[in-house]
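The values are calculated or read from the model by the stated rules, or taken from the named source; none is laboratory data. Just so it is clear, the model here is predicted, and its values are computed rather than measured. So basically every Cβ, Gly included, is an ideal-geometry build from the backbone, and we count neighbours across all protein chains shown. Heads up: the accessible areas ignore ligands, DNA and RNA and are worked out on the full protein's heavy atoms, side chains in. Shrake-Rupley method; radii C 1.70, N 1.55, O 1.52, S 1.80 Å.
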Amino acid sequence: MQQVQVYINNERVEMFDFESVTITDSIKDVRDVSKVFTEYSQTFSLPASKTNNKVFKHYYNADITDGFDSRIRVPAKLELNSVPFKNGYIQLEGVDLKNNKANTYRITFFGNTVSLKDLLGDDLISSLTWLDNFSLDYSPANIKTHLTTAVSKTLVDGVTYTNPVQVPLITHTQRLLYDSTSPHSHEDDLSGNVYFEAGSSHKHGVKWNELKYALKLNIIIKAIEEKYTLANGYSQNLTFSDDFFNTTTSNDFSELYMWLHRVKGEVTNGGQVETFNYIVNDFTDESNEQSTMSNGVLSLLGFGQTAGLQKVLRANLVVSSGSVGKSYSFNILRDGLSVYSSGLISGSVFNINVPITINSDYTIQISTTENIVFQEVSWNYSYYDSESQSTVNEDYYTGSINIYQIFDFNITQQVPKMKVLDFLTAVFKMFNLVAYVEGTEMVVETLDAYYASGASYDITKYIDVKESQTNSVLPFREIVFGYEGLGSFLAKRHNELFNEEWGTEEYKTEDSSIFTGGIYKYKIPFEHMKFERLIDIDQTSSPSFPTTDIQWGFSVDNNQDSYIGKPLVFYMARQTADISFVDVDGDNVASGHEKIENYFAPANSNLSLPVFTDRQSINFSPESDEWELTPNKKSLFNSYHSNYISGIFNKTNRLTKMTAFLPLRILLRYTLKDRLVVYGKSYKINSIETDMHNGKSQLELLSDYAPSVIDLVPPTAPTNVALIQGSETSDGFGITWTAGTDNIGVTGNIIDLQQSFYTTIGSVTTYTFTGLSQQVQYKVALYATDAAGNVSPISNILTITL
């Protein structure tokens, strides 16, 4: 019989002698293939002893202040025969009383991964304030920069993040097209024709305010780690391994982005009206006889010293017709100090006289809470020229000036509304990931990688042959893999044209129509958009509508109204193409256009990889790739789900239930990625329910259809275990032995002390015990292990008395 020790906040609690502590262990349940974060939990009882009352602070007494908080899970660990077994958390469920006295505490033990749900709770992604390190202005200049140029960000701690925020060519309302026909049939302003043609009359193309920023998913992962720390008052530090969530190396996850599209239509500043102060610096830089102009600063020079000299400086502001009625104010500054303030006005103003002094610098500052356009702003000054005995007028003019109410694009205010836990769950389901705690880190890896690193144990001799069950594996005949969000225009159109949902895989075997059971829907709570690679409407060069190098997304519904949907996730890569980029004022009136030669193309496949066959797609099915116009076989299902799903759908597969009495050396070492071998047949573990007192385990096993060959040959046993002469001390001794042998090589040894698991060491042939007691007879034996986790028979037993 094994002894179970339970520690709560590092304090050992007392146990009932009769209480059975059973742990159910599962990481992937065949009956619910979409479930993630599935690890053990079990409820059991503790006596209301003096020791336990102290640990739980007499919870039964509600009058005690600062008592035990049953709403919070606290750290705990389980040991078998004083050897660490499981780490996790306990939650106090309640206290049973008898004769009005506390009798029993009911607690539930949770594995570390399950506690993730409680740690994250209902927190939204918008609560991850670390994301605001990447906030930036929302302006035409910034949108153009992040649309055309890869922009990295270095934080104050010196860490540089590659392209954390970029702008994809996705419009929220405007329909884009490409028409190089001369003359264009789509020539009118803001038509959405992104074909660029020089000249002030061609103000068509993608409007800057149709575009929004997108955030890399691995930045969200980092923000999660930054929030959930002991320093911020949480019960643990949440740190993910870099097996899959890698911020430095490119992989199938690292190039994914989330579109920062919280509300329909244009970006807003969340209702916060901010005044924007704009220094007019659009004057033509030049010098006149008595002044110079540079970067918007008018420098008045000496006018001579003739008595009675008249000097006049005037400012004029002409509002464009589209901005009539909009409010603004302006200040005239001399050497940085205000010498004239208009107050809040609307409309144009002329001949504002300014008190002047020679050798001073003058600037005009406009303040507004609205987007506003000025047809022109001008300076005029006049003076009396004593030589010509006449008044001289000099002027400086600007062209049209667009003033935008630029505001901070705060990431946390613009990220879609989604729970942190739902975000992680969605990512885990997309890539079929598993998570488990190892030390202080949460290891995250794909299911295939997880199983590939498992060991194997031959448990044939521990099986209770009296009874077992062989059951059908699946309670359903078909699994549908897809996304919840398929409401955007082109995704809807795909369904209408082909009678199938965009990017959706319907997995079934050829004869599934005769199967019983329902359809299992494996849906991801992200939006999944179908993108479009534009064709040139001009057919003069080719009647087959030649494709351009421009791919875009259209976030509207079937009625072509702006669409919000689920949070949109996609790949993004910088491409080369000439695109007309349009600057507009607050009334969406085109004020100019320019050619951009690079842009970030949104995609469902990883365009950053040059070879098409290497590009991972986030379609579950091998859909026709929007860029290549040919099916991409690297679908999510084929890359991350097919091995497991095809195995459980195999008609020869069974869910085998059997009972085993596993020895301590296996109980303390197995993981759920390991294989169990019974009568020469290898199985994957679906679940294990273990009674920790007697080692009786109820096993649910799946036939193993691993693509690689598993080594099932155990090493030979170590031999000649003997005392190292002269090694005895008051509290220990040394041993030596002859190593076992193996077909692929011995990698380590398990030391057995007093017929119990003691420790695991490497491939050596000596070991020294310390910390032992005197006048105790010790029995020592060894097992050899190999890289596949196979364990040898036991060695000879050495008996030593200190």
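Please give the peptides 637-646, 236-245 ranked by average Cβ packing (other Cβ atoms within 10 Å per residue), highest first, as a rough proxy for protection.
Ranking, from highest mean packing down: 637-646, 236-245.
Where does the stretch 323-464 land on Rg(C-alpha)/(2.2 N^0.38 Å)?
2.38
How high is the relative contact order of the stretch 644-706, in percent, counting Cα pairs under 8 Å that sit 6 or more residues apart?
41
Let's test the formula: R0 of 22 Å, r as the Cβ-Cβ distance of Ser299 and Asn353. What FRET efficiency results, to the nearest 0.05?
With a Förster radius of 22 Å, E is 0.70.
Rounded to the nearest 0.05, what FRET efficiency do Thr181 and Glu394 have when you use their Cβ-Cβ distance and R0 = 56 Å?
The formula returns an efficiency of 0.75 here.
Round to the nearest 10 and report in Å² the accessible area of Tyr161, as given by a 1.4 Å probe over the protein chains' heavy atoms.
It works out to around 20 Å².
Per residue, how large is the accessible surface of the stretch 161-292? Use a 1.4 angstrom probe and give square angstrom.
Here the per-residue accessible area is 40 Å².
Wrap a convex hull around the Cα atoms of the chain, take a quarter of its surface area, and give that in square nanometres.
Reported value for the Cα convex hull: 52.3 nm².
Round to the nearest 0.05 the FRET efficiency obtained for Thr154 and Asn237 when R0 = 25 Å and r is the Cβ-Cβ distance.
Calculated value: 0.55.
Given charges of +1 on the Cβ of Lys and Arg and -1 on the Cβ of Asp and Glu, with all other atoms neutral, how large is the dipole of the stretch 572-644 about its Cα centre, in debye to the nearest 20?
Computed charge dipole of the stretch 572-644: roughly 540 debye.
Calculate the spin-label point distance for Thr770 paired with Asp123, positioning each point 7 Å from the Cα along the beta-carbon direction, and give it in nanometres.
Taking the two extended label points, one gets 4.1 nm.
By how many nm would the segment from Asp561 to Leu629 grow when fully extended, if each residue of separation counts as 0.36 nm and the alpha-carbon distance is taken off?
Working: separation 68, 0.36 × 68 = 24.48 nm, distance 2.71 nm.
Fully extending the segment from Asp561 to Leu629 adds 21.8 nm.
If you place +1 on the Cβ of every Lys and Arg and -1 on the Cβ of every Asp and Glu, how big does the dipole about the Cα centre of the chain come out, in debye to the nearest 20?
Charge dipole of the chain: 3280 debye, to the nearest 20.
Asp285 to Gln2: extension gain in nm, 0.36 nm per residue of separation minus the Cα-Cα distance?
Between Asp285 and Gln2, full extension yields an extra 92.9 nm.
In nm, to one decimal, how far is the Lys311 label point from the Gln754 one, both placed 7 Å along Cα→Cβ?
10.1
In whole angstrom, note down how far apart the Cα centers of the stretch 434-465 and the stretch 626-655 are.
If we compute the Cα centre of each part, the gap is 22 Å.
Need one number: nm distance between label points at Thr440 and Asp464, each 7 Å from Cα along Cα→Cβ, rounded to one decimal.
Placing both labels 7 Å along Cα→Cβ, they lie 4.2 nm apart.
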